[in-house]
Structures are given as structure tokens and as C-alpha cells.
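The next block holds one structure in the form of C-alpha cells; read it before the comments.
The values are calculated or read from the model by the stated rules, or taken from the named source; none is laboratory data. From a predicted model like this one, the values you see are computed outputs, not experimental measurements. Virtual Cβ from ideal backbone geometry, glycine too; neighbours counted across all protein chains shown.
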There are 2 protein chains.
Amino acid sequence: MQHGFFNVVSTQWLLEQFTALGRVAGVESCSLTNAHGRVLAQDIVAKENLPPFTRSSMDGYAVNAQDTFGASESNPGYLECVQEIAIDRLPDFTLHPGQCAALVTGAGLPDGADSVIMVEHTQEMGTGTIEIRRSVAPGENTMLEGEDQAVGSTALHEGRRLRPQDVGLLAALGVTDCEVIPRPKTALLSTGDEIVDVAATPRPGQIRDVNTSTLGALIQRAGGEVTSTARVPDDLEAISTALQSGLDVADLVLISGGSSIGARDHTLTALTRLPQCTILAHGVAMSPGKPTIVATVGETMVMGLPGQVTSAQMVMEVLGLPLLKQLGGEDPDLAPFKATVPAVLTRNIASRQGREDYVRARLATGQSGRIEATPVLGKSGLLKTMLQANGYLRIPAHAEGMQKGQTVTVHLF
Amino acid sequence: MQHGFFNVVSTQWLLEQFTALGRVAGVESCSLTNAHGRVLAQDIVAKENLPPFTRSSMDGYAVNAQDTFGASESNPGYLECVQEIAIDRLPDFTLHPGQCAALVTGAGLPDGADSVIMVEHTQEMGTGTIEIRRSVAPGENTMLEGEDQAVGSTALHEGRRLRPQDVGLLAALGVTDCEVIPRPKTALLSTGDEIVDVAATPRPGQIRDVNTSTLGALIQRAGGEVTSTARVPDDLEAISTALQSGLDVADLVLISGGSSIGARDHTLTALTRLPQCTILAHGVAMSPGKPTIVATVGETMVMGLPGQVTSAQMVMEVLGLPLLKQLGGEDPDLAPFKATVPAVLTRNIASRQGREDYVRARLATGQSGRIEATPVLGKSGLLKTMLQANGYLRIPAHAEGMQKGQTVTVHLF
């Protein structure tokens, strides 16, 4: 068995390489109902003003602001209410000086009106006369035509992952279908002679396949699609065949296990036999996750992940999800703010210099009301650190560790 | 038009009431592949130990720790390697004093071995003799049988929303199907004479329905299911009929618009005509969102949301999503840590005492490297505050505002 890695890189360097990879090929059409969470493959340009007409944002009276100037509780003004404006059609009359028109929230303003006085600041005098108890400024309590979105302006940009409010904007603009970037197709290979199907009863020495389930869920969370899954023994030919099957159908092939350098680690050999293969990294200066492989085979990405369950999940969190988002076409400048929580460390953590340590942490609100992070340490082959943790913290390569009482940034799972 | 609310409550009070509502009725079976994001309706008890046998967590040699005591670089020990242990079956021999056995990560230990020495700390001497260059402690570099999960212990509790790592634990335990709580069925009613379908070309005075799209996406995000949608005019009988249709099929009926007190606000009347109706709140001391109605009709929940698009979304964020999670059976003690970001306010915000203000905010990393929150102010009828914001901050009812430079907690959308 040989140990050591020929191309150990930092996570930062690797993340920077991803931006050059571009996104998956093609576009697909998506209905508004299914658009939430998808990534736009086109700019959405407003074909009309939004709102399409100047609307009231309050229940009250449409007025010309000048007619209210000087009005107050002690010195009210009086206007003649000439009409009650219907909510669902634009008024077809013009408001003259001294007049007002009743309207509800959302109704359009007549010509001659530039503002709305809230009903709370008025009193009906019973003769079509309305007492005005304060003044309003021009534009007050109105939503101006085009204020939300002007006709011809770009409402949403290509690369935007659509949030609920973005879907609402599409609805407002009458966009019933839009072009989105296809979900990255992912093939999952779980390698290891000892790995059996979840439904199987393992005989002594065997264990059930965990990585297909956890990685599959993480892929869904990052907007990818699990296109194929396979369990593969520790055999070069079997891995080569499964790798080729994955390359044939997927934009990203994830291989868990077999990425280290040892008697049963065939992933690298299977990759380097392929003429179109370029190895971006074999070995990443992170713990857990050192034996990670990242490669391209033509237009397809391949990641070799550690077989250990916790290591595989951590590499997916740190490197796999950003890669999937890049392939999925999400513009990082338009991406949601990353959810992190600052917390006070409850104990010291030691760390070796020269590699980044990713330490799982459990969060709780301490007696002082501050959020406390307790490191959850344990072996990478056990599930429990991931189960007990809410997220992870990163110890930089140059640091020797972190101190109890220090404030750390916890990245939520 | 009558103004004022008869039962204005705080958001905190209302959130506390939700816990008494229980969850939706019934359970359903879910396959492992679809389990991510679902809420367990049962405790999952481990039917076997995990790991099922004591495994090596490193490549190296299984040893009895005692045989390594005192070994060092300068004073190595020597052991006889009696066997190479297969990865996929348990060793059937016993290790005797002075012996070791080669094994890879994940392989089982033979009887007589209690620890593993890493291959990096050994040297093959070519005659079946292994030089040992450090000592190991009992248990070192092993994952003990049952260390992850002991047979008979509860692996995952009812009320847990399953994360990727939880799905992995189910896989490890051989749970191919589990009982989950049904997704809360939600009926969406969008009221207003002026509201037209997204696909329609509005005539002057009409606008397209936004709330069905945004609320639908938010419901999906909270694990609910949109069971029916309807656009309903401002007409008491039409609203009553649509409400009854919603009550017939849903666990939660959301009605946007018509929840204030005014000529076109029929939601409350439609509700109170139902004999089984209990109004929990009409009016919540929050802005935007004051005219919110929360009611029960028998076993079904009803929320009347403001019609204004931003107000409707904010009430969903603050009250609707917690309600959906409660109905969906998620145990708050087992819920993921809520994603908030502390940020420095870039300008003052005024606020009226006596109500909670929910202010949308845009986050950016400032020149100092600190995260800055800029309030995004605007009318509730416009979409743009929601589009520009990454989240919101809450100004408590007793506060008169917040100061520039103050650190605030931003709740991410």
C-alpha cells in the first residue's frame, strides 16, 4: 500500500476552479407552478408596467394633494365626493378642484388625482361632503404605475434561483412559462465489496449502503437530480464499467469509496485510463475528506468522495453542493445569503496546521442567551457526529486550533 | 366603513397557541428514497447494533493493544502477521499474543484484537513480520459494535423532519419504509373583484393574481401541499362557498384579501356564520399584517391573510410557516436551527410602539468585512421590497425603532 497524494489542493482553490466549468447544456421550459427553486436560463423583461396603473395603497379618498394643504384636526378642509371608484375598472372621469372620490386599496386613481387620503383621517358629513383632517403629499398612499417594474426593464436575471417572491413577480408579469436550466443529472456510484443494499440482511462483515441515501438527499437539496445509482465492488473493471455508464447519462458522477491510494482504491486508475480525463485534484487539504478526487471527463464532472459516511457528507457540503450549484447555473451573485450562525465555542478544538479542519458542531442557546457551539467529535465512519450536529465550523489551514470562548461561524447543514 | 379590530393579539401569543393545535390526522408510509424532508410519525428503534460488528476505522493491522505498549520509532516492536482480513466477511480466527492481522478501513476485528495500528506507523519486514513503531490504546482506530446506535435504542424520534444524515441512518438500519405524517393539505383562496388569472390579459383596473403563486411556493417550502386554489370575487356568498370547498378538502385554508374590516371584507363574516368556528385572532399587532385572521373550524385551520402581496408573504413567513410546521407534526425541539444572520444596520428605522414591525432587509458584506443590513422600505402592495431583501428583522412592540450601527438579527427568507 502506497500513501501520499500527488496533487493536494486547498478547498478555496478548488471552489475557484468551479466557476470556469460553466453550467449544464441546454434549457428547458418550466410552468409557473413548478418554477420555485429552478434557475432561470433567460432574463425576464417586463412587457408591461407593474403596477399597470397608479393604484391606491389605502382605503380612503383620491384627491389632488393641493386641495388638502393646510388641513388639520383643528382646521379641517372639505371636499365634495363625486364618485365611488370600482375596484376592478379604471375611473373614466376627471377630478376637479374641490372634489374627491372614494376608493379602496388597489383601486385606480382618476385623472386629476395624485394622492389618497386615508379614510381614518376623514369624516363623511352626510351630504356628499367629506371632511379632511390632515394634508397629504403628492403621491402619498399610492403605488405609481411602473413603480414595481417599468416596462422594458429586466425583472429577473438569468442565473437567479427562483424564490417564492420571484415566482410572484413572474405571476404579476403574466409569465406562465419560463426557460430554466436543466437540473444537473447525477450518477451515484457506491463502491466497496462489503456494501450491500439497504433492503438486504447483511451477513457478518457486510454493511448497508448509506452514502447513496445521504448523497441522494443532498443532491436534491442542491437542485440536482439523481439519474442513476449503482453499488460496485472493489474491482477496477467493475468500477470502469460503472463509471462509463454514469458518464453516459450524467453531468456529474459521484463515486464514494475507492478514492484513496490503497489496494482497493481503483477510482483514480479507472479515471486516468479515460483519454478525455483531466484530474483537477487528487487530495484536498481538508479533514475529513483528504482523499477527494475532482476530475473532468470531456464535459462531465467526476468527484471521488471518501467512502466513510461522515467524510463523504462533509465533502458534499463543502465542495459537492457548490459544484452542483455551478453546474445548475446559479449565479453566485444572485444566490440567497448563506445561512451561518455566529456562536461561542464551549471548548477548545485542536487542529493540525496545513489543512482545513471541518468540525461538526451542535448549537444551543446558552444561559446567557448567546448561541453556543459544542464541537461534536468522532470517527468519520460513524454517523453520529452528523446526526448530533446542526452544522460545521471551518478551522483555516494556518490555525492550530480554536479556543473555548471564541466566537466562531457555524455553517448550517 | 368601520375600522378597528376586536381581538388584536401579539405574534408571540399566537405562535404559542399553535402548539395546542396538534398535527394533521393520520399517517402514511414513505419509502426511503422519498423520505428526505418528511416528518416521522413513529420512533425508529434500532433492530440491530450499528456498526453491527467492531470495525477498523483505518488501514493497518488489528492488534492487541498490550502487544504494542512501549513501541516507538527508536524502540520498535515486532508482531507476526497471521492473516489478511477480507473486507466483506468477519474473521473466524483468534489473534494470539505476538500476532497481528492486516486489514483495511471497514473490516472487522478478529477475536483477541482490541485496536488497530495505522499502516503509516508500521513496516513490513518481508517475512510476515511487522515492525510496530508506536503503541496504540485499547479501542484506538476502531468503531465499536453499537457505538453509533445500540440495538433497542431509539435512533430517530417521532416529529423529526428527516435531514440527509437522518435518511442515511435509516438506510444503515435497513429501514426501507417508514411512517410519516401526511403533508398538511392547504387550500388557497385569492379574493378580490380586481384579481384575474396569471394567464389572462387584465383589462384596465384589473391585476393578476400574485398571492396564489407566492403562497403556494411558501407552502411547499414548509412541507405542505397545495390541494386546491381558487380565485373568488368580493362577495360573501362566493367566499362562503369557496371557504366550504376548502374546508372539505384541506387541513388549512388560506384566504388572501378580505380580512380587514371594510365594505369588501367578507372573510370574517363567512367564518363566523359557521357553527364550528372559533376565532383565535382578528388583528395581530404586527406591521405589515395587522388584519390577519386566525380561526379554527372543527379540526381545520383557517388563516385570513392581507391581500397586499408583501403583507401576505410576511404574515406567511412569521405566522403561516410555523403553523404549517405545527400541523405537519414537526417537533420544534428537533427542528433545524433557524437561519439568522447578525448584521450591522446601515440606517435608522423608525417604528411605532405597540406593534411589532417586520422590516425587510438587504444583506451585503461591508468594507470592514462585517455583514450590513440595509432596510428595504416600501409599500406593502409592491413586490419590490420582497425581491430586494434577503430576509427581515423584527422590531419589538416596545421599541421605538432601531439605530444605525446597531447589530440586528436578520431572519433569512
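A few notes on this one:
- Within the option set A:G307, A:G283, being out of contact with any Gly (no Cβ under 6 Å at 6 or more places or on another chain) and not basic (K, R) holds for one residue only, A:G283.
- Entirely in the range B:232-316, the helices (runs of 4 or more DSSP H) that have 1 or more residues that are buried (at least 23 other Cβ atoms within 10 Å of the Cβ) and more than 14 Å from chain A (Cβ to nearest Cβ): B:236-249, B:267-272
- For B:T346: the one exception among (1) away from chain A (no Cβ under 14 Å); (2) under 22 Å from A:E140 (Cα atoms): (2)
- Of the residues making up the range A:107-128, just one is without any contact (Cβ under 8 Å) to a residue 60 or more places away in the chain, surrounded by fewer than 24 Cβ atoms within 10 Å (Cβ to Cβ) and of a type in the set (A, V, I, L, M), namely A:M125.
- Only residues that are buried (at least 24 other Cβ atoms within 10 Å of the Cβ) and either closer than 30 Å to B:R370 by Cβ or free of Cβ contacts under 8 Å to residues at least 12 places away in the same chain (or both) were counted across the range B:317-348, and they come to 1.
- For the range B:17-30, the criterion of being hydroxyl-bearing (S, T, Y), under 22 Å from B:I181 (Cβ atoms) and not in a strand (DSSP E or B) is satisfied by at least one residue.
- For A:A285: the one exception among (1) modelled with pLDDT of 95 or more; (2) over 30 Å from B:E84 (Cα atoms): (1)
- Qualifying residue in the range B:176-189 (condition: at the interface with chain A (Cβ under 8 Å from one of its Cβ atoms), surrounded by fewer than 23 Cβ atoms within 10 Å (Cβ to Cβ), at pLDDT 95 or above and under 21 Å from A:L387 (Cα atoms)): yes
- Considering B:P97, B:P138, B:P52, the condition of being within 11 Å of another protein chain (Cβ to nearest Cβ), part of a loop (DSSP other than H, G, I, E, B) and either in contact (Cβ under 8 Å) with a residue 40 or more places away in the chain or more than 49 Å from the chain's Cα centre (by Cα) (or both) is satisfied by B:P52 alone.
Residue-wise test of (1) surrounded by fewer than 21 Cβ atoms within 10 Å (Cβ to Cβ); (2) acidic (D, E); (3) under 43 Å from the mean Cα position of the chain (by Cα); (4) in a loop (DSSP other than H, G, I, E, B).
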| site | (1), (2), (3), (4) |
| --- | --- |
| A:V82 | yes, no, no, no |
| A:I87 | no, no, yes, yes |
| A:L90 | yes, no, yes, yes |
| A:A101 | no, no, no, no |
| A:T105 | no, no, yes, yes |
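- When the range A:55-80 is filtered for residues that are farther than 24 Å from B:D209 by Cα and part of a loop (DSSP other than H, G, I, E, B), the ones remaining, listed by number, are A:N64, A:F69, A:G70, A:A71, A:S72, A:E73, A:S74, A:N75, A:P76.
- Residue within the range B:44-60 that is touching a Lys or Arg at 6+ places or on another chain (Cβ under 8 Å) and aliphatic (A, V, I, L, M) present: no
- If you go through the range A:222-231 and pick out every residue that is assigned to a strand (DSSP E or B) and either surrounded by 24 or more Cβ atoms within 10 Å (Cβ to Cβ) or within 14 Å of chain B (Cβ to nearest Cβ) (or both), you end up with 6.
- Among residues of the range A:152-177, those that are touching a Pro at 6+ places or on another chain (Cβ under 9 Å) and not in a strand (DSSP E or B), counted: 4
- Applying the criterion of being of a type in the set (A, V, I, L, M) and touching a residue at least 40 places away in the same chain (Cβ under 8 Å) to the residues of the range B:204-221, the residue that is surrounded by the most Cβ atoms within 10 Å (Cβ to Cβ) is B:V210.
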